[in-house]
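Structure first, commentary second.
The values are calculated or read from the model by the stated rules, or taken from the named source; none is laboratory data. Because the structure is predicted, anything quoted here is derived from the model rather than measured. A quick note on method: Cβ atoms are made from the backbone with ideal geometry, for glycine too, and the neighbour counts reach across all protein chains shown. These area figures cover heavy atoms from the full protein model, side chains too; ligands, DNA and RNA do not enter into them. Shrake-Rupley method; radii C 1.70, N 1.55, O 1.52, S 1.80 Å.
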Amino acid sequence: MKLDIAGSEHIPGATEALWRALNDPAVLRRCIPGCQNMEETSPDAYKIEMQLKVGAVSGSFQGEIALADKEPPKSCTISVSGAGSLGHGTGTARFTVEPDGAMSRLVYQGTGEIGGLVAGVGQRILKSASKYLIGRFFVALRQELENPIRTTAA
Amino acid sequence: MSRPSGELKFVSAKRRVREDRRFVAGRGRYVADIALDNMLHVAVVPSRYPAARIVSIDASAALAMPGVAYVLTGDRLANAVDPLLNGLDTPNVKRYPLAVGQARYVGEWVAAVVADTRALAEDACEKVVVEYEPLPFVIDTEQALDPSSPPVHPEHGSNVLLDKTFVWGEVERDFAESPRQLTFRVVWGRSSTVPIETFGVAAKWDPWGEILDVWASIQMPKYPDQIARALRIPANSVRVHHDVDVGGSYGVKRGIKQTVLTAHLARTLDRPVRLIEDRLDNMRAGDAHGPERIFDVEVAFNDEGIVRSVKMRALDNVGAYAGRSPFQLGKPIGAIVGPYQIKSVQYRAQAVTSNKAAQEAVRGFGQAPTNYAIETAIDKVARAVGLDRIEVRRRNFIRKEQFPYLIPSGTQYDSGDYHTVLAKVLAHADYDGLKREQAELRARGLLAGIGIAACLEPSGGNSSFEPLLNEKNTTTTWMDSCRIHVDALGFVTVTIHTTSSGQGHETLAATVVGEVLEVDPDHIRVVRPDSLASLPSNSPVGSRMAIMLGGACFHAAHKLKDKLVRIGAKQLGRPENEVAYARGAVTAGGATLSWTDLITIAHRNFHLLPEGMEPGLETMHVEQVPTGSKLPENGRVQMYPCHSFEFHLILIAVDPLTGKPEIPRYVIGHDCGTVINPHIVRGMTLGGIAHGIGAALLEEFVYDGEGQMLTQSFMDYLLPSAHEVPKVEIVHHCTPSPFTVLGQKGSGESGYLGSPAAISGAINDAVAPLGISFSKLPIRIAEISDAIAGAAVSRAEEQR
């Protein structure tokens, strides 16, 4: 089934700091919900292992993440594909970072396609679950940026 | 062997259903209760894609887990077993228990993992890495019919499995001569029976005895033969244990792919193996979905509402494999005109494959969808000529004195009295009062509609649709059997030769044998030998067992009674026609031989037996299906022998804001001839109506545009519950069948065959004042409320 994802978030700090964080595998590993492991396979390409719970089902997900069409420190396309006991999914999203006073604004928009167990059992809550997972990502990301000591320590 | 004259003692009496005791006490013996030593458990890896080439399967991580015994792939399995039975002549539509080379629907089993426990096997499934190459797929029924659609089986060349047009009678002339015509389309959504107990099977191979033991939750005709063929072993190496209770089926427990897979694993691993589907396995790939059908109907009629001819095209989306499902387009040919005097019919039966789960038989074998199309036609004719829907049915009904009645497609209806059943229902329900109630509901701001359905339940289950749709098939019997043994102490034991899935066959057999022998049925034991010790049986399909097992029991009991009479007559020195049999004793002129005397002679006194009689006391009978003994000629054939009748009259109220329908009144008139056990018939009818409510309002296996199945659990596949199922009032009538031993007809599909049509009719009557209608089942609450809201918007726009 198809899934549309779009939204915007305010993150504290300058756009450059946000851009750096979004390109740092260590930050992403801590911020992506359920991320067990993330390793770089080539520049801007990563292998990721996740353990997730969506509605009535929980399980594992192994996938690849790639960043493309980079326009530092402004804009980037991220694509994800993978599969696991939860099912399989592919998705592409474009995100744009722009200054907004003392904060940065991150706008994202994308589409995904999901199949297997999640589509069959969790579809009724998939939209809210994806919102929840994205929300968790940004909560963690804000913490990273509000606490730069931890970021640099990593 | 005539019908019992005089009063029936046990048949039709409200006697307790003997099976109920163990079920109510929780002491049924289901397949999950079968514990075999050293048993392994199976879980399956489902396909993620609706169509994909299987590039590779890497099971090494799964096999490395402790407790994992084996991982089987489709390629390996295909080398060891033959394809599963396909009743049509489509040799290139091959079906194996696992996907071979290519997966054809989401959820299809791609690999099987065997481990010490089911939980371990499930965990190991997650470690099986399957590399797929996604292929083009087709989900939509009409797209599948399009020659440019990707074929589900490329070797077959197209998605068309069946496309056969029958013309019975002078259809074109009747259409030309009819002053009025109408056309419409209705769609029956993909639903099924969805039993609480999913399918399960346990198998054990004994290499030294060369025998395969099978315990299964099964309702499959010729099951041992199909297992033997697929496994390439002699049929007498397959022993199916029939003493397993089946926790619900109504057609779908055909589990042949599950059984062949499990049996193959048991042979390969030399250990007992069990596969019990969980709900997800069952819903998405138990291959147990029901018909999904588009009907395009043309009706020719006159100003008086008399229907003269019908053209019907039925297009069924059977899913990824043939199985028995295309035959569900064939069985309704035996009642293609419903209870009406329609002179001619053109019927085009089309079945297409798609990338959805495979279908299996579902209660009525295609009859409920067909009845929905026929009844929609009658409602539309009534509306077109401005007559009451009940009056139009009355005018078109076959009349009592016309039976036996030959319909255009070659089936003779046995008996019926439709006008009387209708009159009894109207009187019971107080039709005028019902209309007043409808008006009151409308006055309160609700939408309210009356629904009517009159339909037949063809019963007796021969298999005439097979030769009708496949000329290479020459089946003209679909027998069932009974053996009766009276032991040396005089106790009666009856054997039946199939599993039961809630139909009460033990009660049926004991009642009929008790009736003939005049022995209390409660003292009769009923047993189920395994398949190697069984007489021929075709399992409880096609609403047939009251007729077929009842007939076999009746004749076997008469043979036994005749033996007793001969033994008694010889001792009393009288001709057989001068002695009387009553309650187990034989009397003549004041002298009596008691049951014990007769049994003792049979078992111990060979010297007293009539000449030529074998010692002991045992009889058997293999019953042929009444009336159905010929192959089809010119597209015509006698389908099932008996035709039960049901007439539904219901009132539905719909909340215009939420769209939620309620059924304040549900009355059904039911005539299934002589009832053998009233409790069983009542249970069948109530359950059937509940099932029909599901099909009409709630249940559907939904696939999205990407071929993903969206309703895999009971959160999304909605079943009727106590909230949705109303109190049902049953009005009985009995028109005995002339073709059966006790006048009995079938009732295993009663209620279900007409309730979806009645509910659809009621909802359409309710919303008719808004100028909207529904032509696809299920009619879900959301669709009702959306349509009502849409109608309000268009009205507001018109007024502006």
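Compute the acute angle (0 to 90°) between the alpha-carbon long axis of helix A:123-146 and the principal axis of greatest extent of the alpha-carbon atoms of chain A; round to the nearest 10°.
Roughly 20 degrees between the two axes.
How far apart, in nm, are the 7 Å Cα→Cβ label points at B:D520 and B:K559?
A separation of 2.8 nm, rounded to one decimal place.
For B:D520, what charge total do you get from the other residues with a beta carbon under 13 Å from its beta carbon, if Lys and Arg give +1 and Asp and Glu give -1?
That sum, taken over residues with Cβ under 13 Å, equals +3.
Set the Förster radius R0 to 45 Å, insert the Cβ-Cβ distance between A:D100 and B:E142 as r into 1/(1 + (r/R0)^6), and round the FRET efficiency to 0.05.
FRET efficiency, A:D100 to B:E142: 0.30.
In straight Cα distance, which lysines are under 24 Å from B:K424, not counting same-chain residues fewer than 8 positions off?
Counting by Cα, and skipping residues close in sequence, B:K424 has these lysines nearby: B:K14, B:K400, B:K435, B:K727, B:K745.
Cut-off 19 Å, label point 7 angstrom out along Cα-to-Cβ of B:S178: give me the residues of the stretch B:344-383 whose amide nitrogen falls inside.
B:344-349, B:370-383
Could you state the orientation-averaged shadow area of the convex hull built on the Cα atoms of the stretch A:1-56, in nm² to one decimal?
Over all viewing directions, the stretch A:1-56 projects a mean Cα-hull area of 5.8 nm².
For the pairs B:K311/B:K343; B:K164/B:K776; B:K164/B:K472; B:K94/B:K257, note any where the Cα-Cα span goes beyond 18 Å.
Flagged as over cut-off: B:K164/B:K776.
Using r as the Cβ-Cβ distance of A:K70 and A:Q143, and R0 as 35 Å, what FRET efficiency do you calculate, to the nearest 0.05?
Efficiency at R0 = 35 Å is approximately 0.90.
What does the helix-only formula give at 222 nm for the protein assembly as shown: each DSSP H stretch with n ≥ 4 adding -39500 (n - 2.57), the total divided by the residues, and the result rounded to the nearest 500 deg cm²/dmol?
Dividing the helical sum by the residues of the protein assembly as shown leaves -8500 deg cm²/dmol.
Can you tally the lysine pairs in the stretch A:2-148 where the Cα-Cα distance is under 27 Å and the two residues are eight or more apart, or on different chains?
Lysine pair count for the stretch A:2-148: 13.
Which parts of the stretch B:673-690 would a label at B:A427 reach, counting a residue when its backbone N lies under 14 Å from a point 7 Å out along Cα-to-Cβ?
Answer for the stretch B:673-690: none.
Can you give the FRET efficiency to the nearest 0.05 for B:H723 and B:D243, using r as the Cβ-Cβ distance and R₀ = 51 Å?
0.90
Looking at chain B, send over the antiparallel percent of its DSSP beta bridges, to the nearest 5.
Antiparallel bridges make up about 80 percent of those DSSP assigns within chain B.
Let me check I've understood the local charge: for A:L126, count other residues with C-beta under 15 angstrom from its C-beta, Lys and Arg +1, Asp and Glu -1. What total comes out?
Neighbour charge sum, excluding A:L126 itself: 0.
Per residue, how much accessible area does the protein assembly as shown show when a 1.4 Å probe rolls over the protein heavy atoms, in square angstrom?
Roughly 38 Å² per residue, with all protein chains present.
What is the sum of charges, Lys and Arg at +1 and Asp and Glu at -1, for the other residues whose Cβ falls under 11 Å from the Cβ of B:L718?
Cβ neighbours under 11 Å give a net charge of -3.
For peptide A:110-116, how many partner chain Cβ atoms fall within 10 Å of a residue's Cβ, on average?
4
What nm distance separates the two modelled labels at A:S79 and B:L608, each placed 7 Å from Cα along Cα→Cβ?
9.4 nm
What do you get for GluC sites (Glu not before Pro) in the stretch B:438-519 restricted to DSSP loop and a cutoff of at most 16 other Cβ within 10 Å of the site's Cβ?
Filter output for the stretch B:438-519: B:E471.
Write out the chymotrypsin sites (Phe, Trp or Tyr not before Pro) in the stretch B:636-721 meeting two conditions: DSSP loop, and at most 13 other Cβ atoms within 10 Å of their Cβ.
In loop regions of the stretch B:636-721 (DSSP not H, G, I, E or B), the sparsely surrounded chymotrypsin sites (Phe, Trp or Tyr not before Pro) are B:F714.
Indicate the helices, whole DSSP H runs only, in chain B that combine a mean Kyte-Doolittle hydropathy of -1.0 or more with a Cα extent along their long axis of 15 angstrom or more.
Long hydrophobic helices here: B:256-269, B:367-385, B:418-429, B:505-517, B:545-572, B:678-693, B:755-767, B:781-799.
Specify whether the C-alpha gyration tensor of the stretch A:2-148 places it in the rounded, prolate or oblate class, a ≥ b ≥ c being the square roots of the eigenvalues: rounded for a/c under 1.5, otherwise prolate if a/b is larger than b/c and oblate if not.
prolate
Pull out the extension gain between B:M620 and B:E576, defined as 0.36 nm times the separation in residues minus the alpha carbon to alpha carbon distance; nm, one decimal.
Full extension of this stretch gives 13.7 nm more.
Summing both sides, how much accessible area is buried between A and B? Use a 1.4 Å probe and give Å² to the nearest 100.
1300 Å²
Mind checking the full-extension length gain between B:L36 and B:R21? Use 0.36 nm per residue of separation minus the Cα-Cα distance, one decimal, nm.
Gain in length upon complete extension: 2.8 nm.
When the accessible area of the protein assembly as shown is computed with all protein chains present and a 1.4 Å probe, what percentage of it is carbon and sulfur?
51 percent
Only Cα pairs within less than 10 Å get springs; with that Gaussian network setup on chain A, which residue of A:M38, A:M103, A:M50 has the largest fluctuation?
Highest fluctuation of the listed residues: A:M103.
Given a 1.4 Å probe, show me the residues in the stretch B:683-711 buried by at least 40 Å² of accessible surface when comparing the whole protein assembly to the chain alone.
SASA drop of 40 Å² or more in the stretch B:683-711: B:E706, B:Q708, B:L710.
Which whole number of Å³ per residue matches the convex hull of the alpha-carbon atoms in the protein assembly as shown?
Convex hull volume per residue, Cα atoms: 203 Å³.
Using the Cα centre of the stretch A:2-148 as origin and beta-carbon charges of +1 (Lys, Arg) and -1 (Asp, Glu), tell me which of A:Y132, A:P12, A:I32 is placed farthest towards the positive end of the dipole.
It is A:Y132.
Evaluate the distance, in nm, between pseudo-label points positioned 7 Å from the Cα of B:V527 and of B:T587 along their respective Cα→Cβ axes.
3.4 nm
Relative to the compact globular guide of 2.2 N^0.38 Å, what is the alpha carbon radius of gyration of the stretch B:61-160, as a ratio?
That ratio works out to 1.29.
How big is the dipole moment of the protein assembly as shown about its Cα centre under a simple scheme where the beta carbon of each Lys and Arg is +1, that of each Asp and Glu is -1, and everything else is neutral? Debye, nearest 20, please.
It works out to roughly 1360 debye.
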